[in-house]
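First comes the structure, then the notes that go with it.
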Amino acid sequence: MSALRAITFALFTAIANTHAATTIDPQISWKNPIAPQRADPQVKLHTDGYYYMTATVPAYDCIEVRRARTIGELSTAATQVIWRKHASGPMSHHIWAPELHFLDGKWYAYFAAGRADAVWNIRMYVLENASANPFEGKWTEKGQIKMNWDSFTLDATLLEHRGDRYLAWAQSAPNAKGTGIYIAKMNTPWSITGKQTLLTNPKLSWERVGHDVNEAPAFLRHNGHIFMTYSASATDANYCLGMLTANEDSDLLESKSWKKSPKPVFVSNPATSQYGPGHNCFTTTPDGKTDILVYHARNYEKIHGEPLRNPDRATRAQPLSWKADGSPDFGAPVADNVGH
């Protein structure tokens, strides 16, 4: 190769490498917020290659679904209401935190709801759709999930592990203040069986600001461990994520199998103007190589009035990294309108 050809080849290679390094990967490139005024998000990557998103809508009156091929495209995806609240009785008020799960060949929607005549009598309910496409078919009501006792209950999520299906949720215990998080095995997609085990309740100072709260469990697996994040304190700037860790070989129904982190793992960050990050879920890039944290937060700190009446919690997402010890590194919530 002549000297001129060698120089030309080296220059071409450098330009190509520079271009490759700056090429935007749509799998991990988007700008927050993903969806303004959408709290309690769940984003699920299904086997059909779509991300399905549900969240609490500001009116607290329905369950809507959207889907897209990438996280970023969820921002402009059309939404479809799959169910609306009743006019009275059960499921007629405070329709909160829906989640979609595909189980045994059917779609199920899990959500919390109160009553118009007793708005804080919130319980967990389930819808079923036998269609392969959740935008089609008929959603039927399977009724309330009955826990070991009847009380304020919300934020159910599912974990499938080694042939067993588990439900985790937040509930108030008799004669206890606030909400703790429980786990139990499921015998159908709309019912639990056996005892329910308390995994965590609000005992630490950062879990008891404004309200005594442990809620919104979310599961993540990595390197032989199962992590469960949860949200704590009032839904203002004090809202944050805590975390429990269990070995994947342990009995998940034993509270001693779970180790609680003494400090929150994801908190408000004034430097990026993100406040009250919480009620998260986890998904991955389509190739499964990168874990993604999805959560809600506000981009301002001060709220006038009751935080639950403020609609400005927005859905956000960012790639999740891992520490040398195998635990998740949440970092800080990233600023709005900054690409990943």
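Being of a type in the set (Lys, Arg) and not in a strand (DSSP E or B) is the filter; apply it to region 250-265 and report the residue that is surrounded by the fewest Cβ atoms within 10 Å (Cβ to Cβ).
Filtering first and then ranking leaves 256.
Out of 187, 214, which single residue is assigned to a strand (DSSP E or B), touching a helix residue (DSSP H, G or I) at 6+ places or on another chain (Cβ under 9 Å) and either polar (S, T, N, Q) or crowded, with 18+ Cβ neighbours inside 10 Å (or both)?
214
Looking at region 32-52, which of the residues that are within 17 Å of residue 96 (Cα to Cα) and in contact with a helix residue (DSSP H, G or I) (Cβ under 8 Å, 6 or more places away or on another chain) is surrounded by the fewest Cβ atoms within 10 Å (Cβ to Cβ)?
Within region 32-52, the match that is surrounded by the fewest Cβ atoms within 10 Å (Cβ to Cβ) is 35.
Kindly indicate whether residue 268 is surrounded by 22 or more Cβ atoms within 10 Å (Cβ to Cβ), among the hydroxyl-bearing types (Ser, Thr, Tyr) and touching a residue at least 24 places away in the same chain (Cβ under 8 Å). Outline the logic, then answer.
Working: surrounded by 22 or more Cβ atoms within 10 Å (Cβ to Cβ): yes; among the hydroxyl-bearing types (Ser, Thr, Tyr): yes; touching a residue at least 24 places away in the same chain (Cβ under 8 Å): yes.
Here the answer is yes, as residue 268 does meet what is asked.
Working only within region 143-160, note down all residues that are among the hydrophobic types (A, V, I, L, M, F, W, C) and over 22 Å from residue 278 (Cβ atoms).
Of region 143-160, the ones among the hydrophobic types (A, V, I, L, M, F, W, C) are 145, 147, 149, 152, 154, 156, 158-159.
Within region 143-160, 145, 147, 149 meet the criteria.
Looking only at region 124-166, which residues are part of a strand (DSSP E or B), of a type in the set (Ser, Thr, Tyr) and under 27 Å from residue 80 (Cα atoms)?
Passing the criteria: 125, 140, 153, 157.
Restricted to region 304-316, and to residues that are out of contact with any Gly (no Cβ under 9 Å at 6 or more places or on another chain) and at pLDDT 95 or above, which residue is surrounded by the fewest Cβ atoms within 10 Å (Cβ to Cβ)?
My answer is 311.
In region 167-193, what residues are free of Cβ contacts under 8 Å to residues at least 12 places away in the same chain and either in contact with a Lys or Arg (Cβ under 9 Å, 6 or more places away or on another chain) or closer than 15 Å to residue 110 by Cβ (or both)?
187, 188, 193, listed by residue number.
Looking at (1) buried (at least 16 other Cβ atoms within 10 Å of the Cβ); (2) free of Cβ contacts under 8 Å to residues at least 24 places away in the same chain; (3) of a type in the set (S, T, N, Q), which is the only condition residue 247 fails?
Result: residue 247 fails condition (1) only.
Any idea which residue in region 36-59 is nearest to residue 135 (Cα to Cα), counting only those that are assigned to a loop (DSSP other than H, G, I, E, B) and aliphatic (A, V, I, L, M)?
In this case the residue turns out to be 57.
Kindly list the number of the only condition in (1) buried (at least 18 other Cβ atoms within 10 Å of the Cβ); (2) assigned to a strand (DSSP E or B) that fails for residue 74.
The failed condition is (2).
Could you check how many residues of region 299-320 are free of Cβ contacts under 8 Å to residues at least 24 places away in the same chain, outside any loop (DSSP other than H, G, I, E, B) and not charged (D, E, K, R)?
Of the residues in that region, 0 qualify.
Does residue 332 satisfy being in a loop (DSSP other than H, G, I, E, B), of a type outside the set (Val, Ile, Thr), touching a helix residue (DSSP H, G or I) at 6+ places or on another chain (Cβ under 7 Å) and surrounded by fewer than 17 Cβ atoms within 10 Å (Cβ to Cβ)? So that I can check it myself, show each step before the final result.
On the way: in a loop (DSSP other than H, G, I, E, B): yes; of a type outside the set (Val, Ile, Thr): yes; touching a helix residue (DSSP H, G or I) at 6+ places or on another chain (Cβ under 7 Å): yes; surrounded by fewer than 17 Cβ atoms within 10 Å (Cβ to Cβ): yes.
Yes.
Name the residue, out of 169, 120, 96, that is exposed (fewer than 15 other Cβ atoms within 10 Å of the Cβ), assigned to a strand (DSSP E or B) and aromatic (Phe, Trp, Tyr).
120
The values are calculated or read from the model by the stated rules, or taken from the named source; none is laboratory data. It should be emphasised that the depicted structure is a prediction, and the values quoted were computed from it without experimental measurement. Positions of Cβ are generated from backbone atoms using ideal geometry, with glycine treated the same way; all protein chains shown enter the neighbour counts.
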